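Data first, discussion second: the structure below is written as structure tokens.
Every number here is computed from the coordinates shown, using simple stated rules; none is lab data. Since the structure is predicted, the reported quantities are computational estimates derived from the model, not experimental observations. FYI the Cβ positions are ideal-geometry reconstructions off the backbone, even for glycines, and counts take in every protein chain you see.
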Amino acid sequence: MEGKTVYSAVQPTGSLTIGNYVGAIRNWVELQSGYNCFFAIADLHAITVRQDPAELRRRTVELAALYLACGIDPAQCALYVQSHVPAHAELAWVLNTVTYVGEASRMTQFKDKSAKHADNINMGLMDYPVLMAADILLYRTDLVPVGADQKQHVELARDLALRFNNRYGETFTVPEPLIGRNTAKISSLQDPSKKMSKSDENPNASVFLSDDRDAILRKFKRAVTDSDNCVRASSEKPGITNLLNIYCAFAGVTLEEAERTFDGKGYGEFKLAVGETVADRLAPVQAEQRRILADKAYLSETLAAGAERASRAAGRTLGKVFRKVGFYRGE
Ligand code: TYM
């Protein structure tokens with residue numbers, strides 16, 4: 001474990017959901033004391049779909065405050081904004097030259113986003129996973145804690161690392177995805193076959209980290225369940241299984257413990273308990289985020305220090321890459 005590097009990021013788009021929290025950020029907090037960690041706010045990725053500039057700026061700062069409120073400790077890891085470290089875009093350019101158009105165009109998220117934003121299928125959208133590979137490979141990352149939807153992108157990063165190493169000699173570490181067992185894919189509360197998403201049109205489908213207690217209780221009360229009124233996880237009961245996974249993640253209990261707690265109890269009582277557990281856990285995070293957001297000087301100092309630390313590590317890898325591909329660096 002000693003000396004291993006962890007990298008992950010979230011885009012500052014939309015409001016973060018409890019899926020982003022239990023699928024990603026919460027797991028980072030557990031990793032930071034044992035690994036060399038880099039946690040970024042992926043603003044370069046965000047502009048691959050249209051963003052309102054003022055809103056993007058506001059969400060970037062809010063996300064930084066949220067990372068801190070969730071327990072990311074800037075003394076233990078590099079917390080920074082992706083665009084503050086130009087090496088990300090520079091390495092992405094080099095990696096573009098070892099990425100085939102065919103493999104980029106086959107990425108599931110590219111196909112989904114192209115369908116969703118048919119009026120804006122830009123080059124950045126297709127290049128998104130290459131930039132993500134650059135993020136990961138710049139820090140010689142061993143582990144990438146993400147939700148299941150990002151697994152294919154981490155696999156591309158592995159492929160590109162191996163291909164580059166083959167062509168130019170040993171340069172990159174080949175990263176592994178780190179995906180939680182029950183929290184890898186938190187589903188929509190309205191359609192458990194879909195992932196809970198920041199951008200779902202149905203406001204009852206996603207629980208946002210910014211939701212107040214009433215909204216959280218209401219959304220869980222309306223969550224789609226299955227017919228038999230028995231609180232047990234099974235592949236035939238995706239709605240209840242999803243709620244159980246959420247409950248376990250927020251209450252810190254195992255599936256068996258949760259099933260025992262709700263044995264003989266009905267869905268109404270269970271859904272209320274899930275809502276209350278989530279609301280109780282989020283309230284202090286929300287209060288802490290508000291407190292941190294009020295201290296803009298602390299935030300910008302923290303992000304500047306994080307970017308400096310990330311730049312140093314990234315610069316070492318980028319220098320090596322530039323030498324390997326044959327860029328003239330002076331005598
Ligand atoms: P983003 O912002 O879409 O998602 C951030 C993280 O949240 C996870 N996630 C979920 N996990 C469980 N259930 C859900 N319903 C759910 N929805 C989202 C995502 O898997 C992700 O871990 N491309 C990345 C951002 C990124 C990145 C990177 C990640 C940019 N560069 C380098 C790792 C390494 C993304 O999807 O962000």
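For V325 and Y298, a Förster radius of 35 Å and the Cβ-Cβ distance give a FRET efficiency of 0.30, rounded to the nearest 0.05. Considering every alpha-carbon pair of region 20-119, the percent of pairs per 10 Å bin, from zero through the bin containing the longest distance, is 12, 34, 38, 16, 1. Taken over region 213-290, the ratio of Cα radius of gyration to 2.2 N^0.38 Å equals 1.10. Placing pseudo-labels 7 Å out from each Cα toward the beta carbon at R232 and S105 gives an inter-label distance of 4.9 nm. Taking only the C-alpha atoms of the chain, Rg followed by Dmax gives 20.7, 77 Å. Taken about its Cα centre, the chain carries a charge dipole of about 540 debye when Lys and Arg each add +1 at the Cβ and Asp and Glu each add -1 at the Cβ. Only one residue of L217, V274, F262 has its Cα farthest out toward the positive end of the dipole of region 213-290, where Lys and Arg carry +1 and Asp and Glu -1 on Cβ, and that residue is L217.
Using the Cβ-Cβ distance between D52 and L178 with R0 set to 35 Å, the FRET efficiency from 1/(1 + (r/R0)^6) comes to roughly 0.60.
May I ask for the distance between the Cα centers of region 185-231 and region 20-80, given as a whole number of Å? One Cα centre to the other: 23 Å. As a length-normalised measure over Cα pairs under 8 Å and 6 or more apart, the relative contact order of region 213-290 settles at 39 percent. Taking every alpha-carbon pair under 8 Å whose residues sit at least 6 apart, the chain reaches a relative contact order of 22 percent. Are any of the pairs K111/K219; K151/K198; K195/K271; K113/K237; K198/K237; K111/K296 more than 27 Å apart by Cα-Cα distance, and if so, which? From the list (K111/K219; K151/K198; K195/K271; K113/K237; K198/K237; K111/K296), the Cα-Cα distance tops 27 Å for K111/K219; K113/K237; K111/K296.
Any chance you could run the full-extension gain for A118 through S15? It's 0.36 nm times the residue separation minus the Cα-Cα distance, nm to one decimal.
Between A118 and S15, full extension yields an extra 34.8 nm.
Placing pseudo-labels 7 Å out from each Cα toward the beta carbon at E276 and R291 gives an inter-label distance of 2.6 nm.
A crude spin-label estimate for the pair A75 and R163, with each label 7 Å from Cα along the Cβ direction, gives 4.4 nm.
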